[in-house]
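The values are calculated or read from the model by the stated rules, or taken from the named source; none is laboratory data. In this text the structure is predicted, and so the values were computed from the model without any measurement. With ideal geometry, Cβ positions are generated from the backbone for all residues, glycine too; neighbour counts draw on all protein chains shown.
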């Protein structure tokens, strides 16, 4: 009898030790996906959740990439003007999120901008700039009326139409991964998809996560300011990393949807803080095109606008609802009212 009690006691102690070790555990994994460096850290949970998270990310990458010839997006693009293509639920959901962003931004964020981006080939610095004639054709192909989504199928009506979900894919993926982690009981984690940060819950001690917003004018990448957040995405778009130079002039990877021309303005970066990674990613992209004033017009029309931080050559400004998130800044921050 005493032996049974001792065994039971040892099992209880072992269980408590296992629980304590799990609560204090920390696992980090890095990798490459969506053409960027990935880093995920999970606390208070076993490491298997990272296996599932990276598997999900790989699956989404293979569905949403316009460069993988076997992806849903590539197959849809190859069949533009020919036939509708069945697509995965994740692809359909991402496209619908993109159309929602098209409506919110008045067409500035456009999932059919691919015909324009292919002409620019922004990641290939050699060569000439696209002619305005070719851009005019690409802009016509970018009309949202050329896209139909119905019952799990996608159809691009005109030959030459190109879906490009690069402006939303990482934000969508970060939200899906955060949901997967929560479903598996994770209460504390941080997902970094090449600078697109998504936090799960709070830090292990219950405090807020601190996320640095890079100073675009600082080559070392040191932060211009730091924000505190819990359980949301912090996504930044900027023109300081991806651009090409032709005849001494810089051209960004942000394009005017009406002309197809590259936009290189005084706006250096936009950071959007939201629980919805797709919304944050898409708006950060769109606001780099619109500039601050138009971005504020869009935000003031939204029922629950996200928090936004703008960095320009002349300083840092933010929406009034971001005031409580900013805990440290190199220079004073001015705030825009959303009322």
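Scanning segment 96-122 for residues that are touching a residue at least 60 places away in the same chain (Cβ under 8 Å), over 9 Å from residue 257 (Cβ atoms), crowded, with 24+ Cβ neighbours inside 10 Å and touching a strand residue (DSSP E or B) at 6+ places or on another chain (Cβ under 8 Å) turns up nothing. Over 30 Å from residue 119 (Cα atoms), in a strand (DSSP E or B) and in contact with a helix residue (DSSP H, G or I) (Cβ under 7 Å, 6 or more places away or on another chain) - does that describe any residue in segment 248-255? There is no residue in segment 248-255 that is over 30 Å from residue 119 (Cα atoms), in a strand (DSSP E or B) and in contact with a helix residue (DSSP H, G or I) (Cβ under 7 Å, 6 or more places away or on another chain).
Of all the residues in segment 330-339, those that are surrounded by fewer than 13 Cβ atoms within 10 Å (Cβ to Cβ) and part of a loop (DSSP other than H, G, I, E, B) number 4.
Filtered by the rule that a residue be crowded, with 19+ Cβ neighbours inside 10 Å, without any contact (Cβ under 8 Å) to a residue 60 or more places away in the chain and farther than 13 Å from residue 338 by Cβ, segment 285-302 gives 287, 288. Where strands (runs of 3 or more DSSP E) sit wholly within segment 93-212, those with at least 3 residues that are modelled with pLDDT of 95 or more and within 25 Å of residue 269 (Cβ to Cβ) occupy 188-193, 196-201. Quick one: would you say residue 138 is touching a strand residue (DSSP E or B) at 6+ places or on another chain (Cβ under 6 Å) and crowded, with 19+ Cβ neighbours inside 10 Å? Judged against the criteria, residue 138 is not a match.
Across segment 40-64, the qualifying residues are those that are in contact with a helix residue (DSSP H, G or I) (Cβ under 7 Å, 6 or more places away or on another chain) and without any contact (Cβ under 8 Å) to a residue 60 or more places away in the chain, and the one among them that is surrounded by the most Cβ atoms within 10 Å (Cβ to Cβ) is 63.
Counting only residues that are in contact (Cβ under 8 Å) with a residue 60 or more places away in the chain and outside any loop (DSSP other than H, G, I, E, B), segment 260-277 holds 2 of them. Filtering segment 303-329 to residues that are surrounded by fewer than 22 Cβ atoms within 10 Å (Cβ to Cβ), part of a strand (DSSP E or B) and free of Cβ contacts under 8 Å to residues at least 40 places away in the same chain leaves 315, 317. Residue selection: residue 280 satisfies the criterion of being touching a helix residue (DSSP H, G or I) at 6+ places or on another chain (Cβ under 6 Å), assigned to a helix (DSSP H, G or I) and in contact (Cβ under 8 Å) with a residue 60 or more places away in the chain. Quick check on segment 213-231: of everything there that is assigned to a loop (DSSP other than H, G, I, E, B) and modelled with pLDDT of 95 or more, which residue is nearest to residue 275 (Cα to Cα)? Applying the filter and picking the extreme gives 231.
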